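First the structure, in the form of structure tokens, and then the observations on it.
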Amino acid sequence: MEYNFSEIEQKWQAAWDKANAYKVSNESDKPHYYVLDMFPYPSGAGLHVGHPLGYIASDIYSRYKRQKGFNVLHPMGFDAYGLPAEQYAIQTGQHPEVTTNENIKRYISQLRKIGFCYDWSREVKTCDPKFYKWTQWAFIQMFNHYYDTAAQKAKPISELVARFEKEDPAWATLTEKEQQERLMNYRIAYLADTKVNWCPALGTVLANDEVSEGLSVRGGYPVEQRVMRQWCLRVSAYAPRLLEGLDRVDWTDSLKDTQRNWIGRSEGAEMRFEIKGQDAPITIFTTRADTVFGVTFMVLAPESEYVERLVTDGQRDEVEQYLAWVKRRTERERIADRKVTGVFSGSYAINPLTNNEIPIYISDYVLAGYGTGAIMAVPAHDSRDYAFAKHFGLPIVPLIEGADVSEQSFDAKEGRMMNSGFLNGLEVKDAIARMKEHITNTGIGRVTVNYRLRDAIFSRQRYWGEPFPVYYKDGMPYTVDEKDLPLLLPEVRDFKPTADGRPPLGNADNWTYKGYPLELCTMPGFAGSSAYYLRYMDPTNDEALVSRQANDYWQQVDLYLGGSEHATGHLIYSRFWNKFLYDLGLVCKDEPFRKLINQGMIQGRSNFVYRYIGEGATGNLYISYNLINNPEYKDKVQPIHVNVNIVNNDVLDITAFRNWMPEFKNAQFIFADGTSSEIEDNPYLGAAMPKQYICGWAVEKMSKSMFNVVNPDDVIAKYGADTLRLYEMFLGPLEMSKPWDTNGIDGVHRFLRKAWNMYETISDDAPTAEELKSLHKLIKKVTWDIENFSFNTSIPAFMIAQNELYALKCNKRAILEPFAVLLAPYAPHIAEEMYHRCNTLPFREGAGVGSSFVIDAPWPECNEAYLIEDTQKYPVQFNGKVRFTLECPKDTPREEVEKFVLAHEDTARYLAGNTPKKVIVVPGRIVNIVM
RNA sequence: GCCGCGAUGGUGGAAUCGGUAGACACGAAGGACUUAAAAUCCUUUGGCCCGAAACGGCUGUGUGGGUUCAAGUCCCACUCGCGGUACCA
């Protein structure tokens, strides 16, 4: 019986569709479970084999949960706004919506072929007005709320207005514009002049997580700092809760650590330093209050508000020159070139403890956005201050006994204090506490907590995004009435910025509301992805983002799968967004994702041919990989990427290679055997037998330019979706990054084919103990694997069980039916067909095990585990005194065990001194002692 | 620099609670079937040594120490690789 995978897969995919097997209802008596994949951005290149890794894992888990009797929500959608579609639009004039929809169509067809159990009736896409209505709606709520830090909760801005009216007599005297300006300092979505990452090549600002090493994450273009008036979200207000919430979610420690670092809580103190000759002090933030006695100068960020006040006339020219130079530098230059720069302001501060006059400098190593934008410098115990002090010849006062600061600073927070007045002799930790007490009591400062996390910049000067529901009157923003949502993205004549440099929406006709101009920026990519998981719960609701009823049923995402690259972007923003909605009483859980797993990235595995470039090279000769280190070729070959799709198990298809590109048309080879003749005479037939050219390989990023992109459609055409699914899991642990290496796929395919052959004729005979043992081992293993997301180790377990059953020639329904049920989450199509072959019941479309929706075949329980734990107890005497009970495999001869114990005197003596509860023995070695 | 993760045969990887390291698969070698090839099946496959035989010995999980009757697994120090982050005071 032939394993015709494409016939089987098409048959069942059609049957599941027809039966609506994966449609999920919000009304069910079953327990609920919500499994979510991070939805993809539909790029023009389509899916490659790396994308479905996480989807397959979540699909296995979803199917398993269904079989276990859960009502499982497992949806899919598209993060449809994004830069590539817009860049493409600028180049071609093609509307991004058109390309996006084409790409989505292609993605869906690719995903369907893999046999996922998504409820497609719940599909969302972020560029759909029915969807972005709720993105705009949430923005309006953020505009109309402020964060009450005392209550640690978002509250309506009207409450703040009422408080101002009541408590501040000046409020009533303000004009409306002045009132609005004041409220802007409190709104959760607010407009502000902020230093932003401006990317000239993309013509837009970017959030901190969209920039890496001074380059844009998308495209890798240089980014510079600019001050612009932008929409921002007050994410920083939620920093304490974002941090605290991490203790209540089931995420990996590494991801939690990444978020904790990004949020960057640090406990310290704010201190005031008086300025010589001025009334007002300046405030700094420090985590090392213990080092105040070593403060020998102070430094301001170039953008600090203090700069203007502290620059003396004598220094003004020099300072202005420096500020202009800092402003010109790009972010990239600043990172690349870390030399010490700075300028003296002319003013002096007074060290509050030593009463020394200390100079105040301005330098770009101090950041305006963190703390107060000003620092006290302790060169002896901070490497940055140290470098600065050395450069400008400033005094360095060591404060910790034994610290040698002649060559470098001593940054560690350990040791005993000296040169520090009342702190002398204290350990650093105690000194910090003591000094905090001191500054609080004397009023020099106060204990505070600082966060690194900054507000999210929410404006993008682009076309392809959600329009802000905002119009401007008298220069102040007002939100569009909720009844007028969604505010549709307008058509534009040109996707590029306007001639006078305004964002692309400036090209739209009548972009006004009630006669007032509308906002020209659009929202960033993370806007639409911040609450999409809620929309799946209730995707067609026109009255609300999600009804409270639907939210109460599904609660939150139970299992979220996606890449760790979203740790400091999407996963922060959506937690913030969710907490905001929670404050408004719209959702019942303040954390959106209960358990989160990061699947690793699938890297490419590139193949190379080696062009001979030594003496007499024609440029047409290629050396087999196994020969390139031979003396005659060593260092005389040049590796060239070759399309992995014309290489099989590292053996090049030379005909395909010659046809691949014109430059290889006349390629000649030195084959693995060291000769150049392409055929070997066949002694039997005299027929042509092609010889082997071996390619080299390397692990690289999967990309077009490396010719190492493998398309899942091709794999499915060759091996079927079930093989693809199994193989992706077989490749290695889910969380680990690994290269896509097709070399092992035959083994997995062979397993399915062999398994398939067991189902040719089904017998009703009672299973033997041996057969049951195989099955029970498998049940135990696969259950453990799925519940622990250890999918890769299930495939070998299936192979072992299958080999055992194959050897026993087992064709019994009692074994093969549960086997199919176990296999169904991994390989649903073949399992469905296997299951129906076992089943004598009348065939019902879509009602089987692969659909795992109508539970005809519940997950098998393993009640006869004794068949696996096949052990026996032996009483053993040692020296006639100490008596043990040893547990060992049933077939271990008694003499063997006793001989063993006596032969291991150390162990025996150990056992004599400790009385173990249980000792498990195998011939030759003790394997387990339970105390 | 800091934080996190990892290192096991020719390759991908297994060993789930400290208990027979190398499961399973690929590749390779040999064999059966075949006019031949493909497909399929069987055998061998970490290294070294002894041997007529082995259910024989030694060695072995990046390096060096340690804890333990027992360490791939725990502890300390280090090397290399990967990911994140970076003047965060």
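A short reminder: the numbers here are calculations on the coordinates, not readings from a lab. Bear in mind the structure is a predicted one, so any value in this text is a computation, not a measurement. With ideal geometry, Cβ positions are generated from the backbone for all residues, glycine too; neighbour counts draw on all protein chains shown.
When the Kirkwood radius is taken over all Cα pairs of chain A, what Stokes-Einstein diffusion coefficient follows at 25 °C and 0.890 mPa s, in µm²/s? Each step should come with its number before you reach the end.
Details: Rh = 33.4 Å.
Roughly 74 µm²/s, to the nearest whole number.
When a/c reaches 1.5 or more, the comparison of a/b and b/c decides; with that in mind, is region A:310-391 rounded, prolate or oblate per its Cα gyration tensor? It is oblate, given that a/c is not under 1.5 and a/b is not larger than b/c. Sparsely packed loop sites in region A:1-72 (the GluC sites (Glu not before Pro) outside DSSP H, G, I, E and B with at most 11 other Cβ atoms within 10 Å) comprise A:Glu2, A:Glu27. Treating r as the C-beta distance of A:Ser763 and A:Tyr806 and R0 as 22 Å, the FRET efficiency rounds to 0.90. In degrees, nearest 10, range 0 to 90: what is the angle between the Cα axis of helix A:52-67 and the longest Cα principal axis of chain A? Approximately 70 degrees, to the nearest 10. Take each peptide in A:766-773, A:51-58, count the other Cβ atoms within 10 Å of every residue, and average; sorted highest first, the result is A:51-58, A:766-773.
D by Stokes-Einstein for region A:59-149, Kirkwood Rh over Cα pairs, 25 °C, 0.890 mPa s: 153 µm²/s. For a modelled paramagnetic label at A:Asp193, 7 Å from Cα along Cα-to-Cβ, the residues of region A:206-233 in reach, with backbone nitrogen under 19 Å, are A:225-233. Annotation: aspartates and glutamates with alpha-carbon distance below 18 angstrom to A:Lys781 (same-chain offsets under eight excluded): A:Glu770, A:Glu771, A:Glu804, A:Glu817, A:Glu861, A:Glu864, A:Glu869, A:Asp870.
Rg and Dmax, both from the Cα atoms of region A:663-817 and both in Å, are 21.5, 65.
Model label points for A:Asn743 and A:Arg813, set 7 angstrom from Cα along the Cα-to-Cβ axis, are 4.5 nm apart. By the rule of a C-alpha distance below 20 Å, with chain neighbours fewer than 8 residues away ignored, the lysines paired with A:Lys30 are A:Lys65, A:Lys68.
In this rough spin-label picture, where each label sits 7 Å from Cα along the Cβ direction, the A:Lys23-A:Asp128 distance is 1.6 nm. Label reach from A:Lys153 (point 7 Å along Cα→C-beta): in region A:577-596, amide nitrogens under 16 Å belong to A:579-591. With a threshold of 19 Å on the Cα-Cα distance, the over-threshold entries among A:Lys256/A:Lys595; A:Lys738/A:Lys777; A:Lys18/A:Lys113 are A:Lys738/A:Lys777. Within a straight-line Cα-Cα reach of under 14 Å, A:Lys589 can be paired with the following aspartates and glutamates, leaving aside sequence neighbours fewer than 8 residues apart in one chain: A:Asp552, A:Asp558. Helix A:428-442 and the longest principal axis of the Cα set of chain A meet at an angle near 40°. Given chain A, what percent of its DSSP beta bridges are antiparallel, to the nearest 5? Counting DSSP beta bridges with both partners in chain A, the antiparallel share is about 80 percent. The slack between A:Leu174 and A:Lys429, meaning 0.36 nm per residue of separation minus the straight C-alpha distance, is 86.9 nm.
Could you list A:Ile786, A:Ile358 in order of exposure, starting from the residue whose Cβ has the fewest other Cβ atoms within 10 Å? Don't skip to the end; give the middle numbers.
On the way: A:Ile786 23, A:Ile358 20.
Going from sparsest to densest Cβ surroundings: A:Ile358, A:Ile786.
At q = 0.13, 0.19 Å⁻¹, what is the base-10 log of I(q)/I(0) for region A:402-557 according to the Debye formula with one equal point scatterer per Cα and no solvent? Please give it to two decimals. Evaluating at q = 0.13, 0.19 Å⁻¹ gives log10 I(q)/I(0) of -0.77, -1.28.
Note down the magnitude of the dipole of chain A about its Cα centre, charges +1 on Lys and Arg C-beta and -1 on Asp and Glu C-beta and zero elsewhere, to the nearest 20 debye.
Magnitude of the dipole: close to 700 debye.
Phi angles across region A:608-619 convert, under the Karplus curve 6.51 cos²θ - 1.76 cosθ + 1.60 with θ = phi - 60°, into 3J(HN,Hα) values of 10, 10, 10, 7, 6, 10, x, 4, x, 5, 9, x Hz, Gly and Pro given as x. The ellipsoid equivalent to the alpha-carbon distribution of region A:1-107 has semi-axes of 32, 20, 13 angstrom, derived from the gyration tensor eigenvalues as √(5λ) and listed largest first. What is the calculated FRET efficiency for A:Thr287 to A:Glu543, with r their C-beta to C-beta distance and R₀ = 45 Å, to the nearest 0.05? For A:Thr287 and A:Glu543, the calculated efficiency is 0.35.
Label separation (A:Lys483 vs A:Asp590): 3.6 nm, computed from points 7 Å beyond Cα along the C-beta direction.
At full extension, A:Asn356 and A:Arg750 could sit 133.7 nm farther apart than now, given 0.36 nm per residue minus the alpha carbon distance.
Using 0.36 nm per residue of separation minus the Cα-Cα distance, give me the extension gain between A:Gln692 and A:Arg658 in nm, one decimal. Intermediate values should be presented prior to the final figure.
On the way: separation 34, 0.36 × 34 = 12.24 nm, distance 1.48 nm.
Gain in length upon complete extension: 10.8 nm.
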